[in-house]
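What follows is a single structure, written as structure tokens, with notes after it.
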């Protein structure tokens, strides 16, 4: 097996594990997962709002989850670490789900974006972008995309890996609406620039 093929297969396995964890830990407030494969073990670190739901009484739930991953993905010696999220406004997946919840309750999408961005930057983010796409106005409206970004959000190159990203889908009465959130967390160091201060537009800071 070539090195390229091993790399691709490894990436596919990581993606599938990530999707599996997202489905399995929804009730625990799943945000993201980091996967590190070594010759000895596969270390899976899950970031959630409620670690107790993942671990379970006497570790029963996490042991069952570990066994399912080992069997379903043919992985020897998987080890799951669970980390509690300290700041939900810096976790794109959770922010995206919060936006979806508000859209389904007919709150104006533009107001949602402004208030959400303010909360994200109040918590120290260096950059953030929110994209909402679909029939955001009414049943008879055409599909449109609302995009708003503040700060530094790289789109190409290796530095893209420093940006956290999350997605969700809202289901109001007039059709599905996609939500994408990208956040550069506090303390992120970019090799090509230094971010000292982010200027927040007045319409955002006053929202």
### Task
Filter the stretch 23-48 down to the residues that are under 17 Å from residue 165 (Cα atoms) and touching a residue at least 40 places away in the same chain (Cβ under 8 Å), then identify the one that is surrounded by the most Cβ atoms within 10 Å (Cβ to Cβ).
30
### Query
Can you name every residue in the stretch 1-27 that is modelled with pLDDT of 90 or more and not in a helix (DSSP H, G or I)?
25
### Query
Can you name the number of the only condition in (1) assigned to a strand (DSSP E or B); (2) free of Cβ contacts under 8 Å to residues at least 60 places away in the same chain that residue 183 fails?
(2)
### Message
Looking only at residues that are in contact with a helix residue (DSSP H, G or I) (Cβ under 6 Å, 6 or more places away or on another chain) and within 21 Å of residue 175 (Cα to Cα) in the stretch 86-102, which one is surrounded by the most Cβ atoms within 10 Å (Cβ to Cβ)?
### Response
99
#### Entry: Checklist (1) farther than 17 Å from residue 89 by Cα; (2) exposed (fewer than 11 other Cβ atoms within 10 Å of the Cβ); (3) within 22 Å of the chain's Cα centre (by Cα) applied to residue 194, failing item
(3)
### Query
Does at least one position in the stretch 66-74 carry a residue that is touching a residue at least 60 places away in the same chain (Cβ under 8 Å) and either under 29 Å from residue 176 (Cβ atoms) or in contact with a helix residue (DSSP H, G or I) (Cβ under 8 Å, 6 or more places away or on another chain) (or both)?
yes
### Task
Considering only residues that are touching a helix residue (DSSP H, G or I) at 6+ places or on another chain (Cβ under 7 Å) and crowded, with 19+ Cβ neighbours inside 10 Å, look in the stretch 119-165 and name the one that is modelled with the lowest pLDDT.
136
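To keep it simple, each residue is scored yes or no on (1) in a helix (DSSP H, G or I); (2) in contact with a strand residue (DSSP E or B) (Cβ under 7 Å, 6 or more places away or on another chain); (3) under 19 Å from residue 17 (Cβ atoms).
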| site | (1), (2), (3) |
| --- | --- |
| 59 | yes, no, no |
| 66 | yes, yes, yes |
| 70 | yes, yes, yes |
| 74 | no, no, yes |
| 79 | no, yes, yes |
| 83 | no, yes, yes |
| 106 | no, no, no |
| 113 | yes, yes, no |
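The values are calculated or read from the model by the stated rules, or taken from the named source; none is laboratory data. These numbers come from a predicted model, not from an experiment. Please note: Cβ atoms are built from the backbone with ideal geometry, for glycine as well, and neighbour counts cover all protein chains shown.
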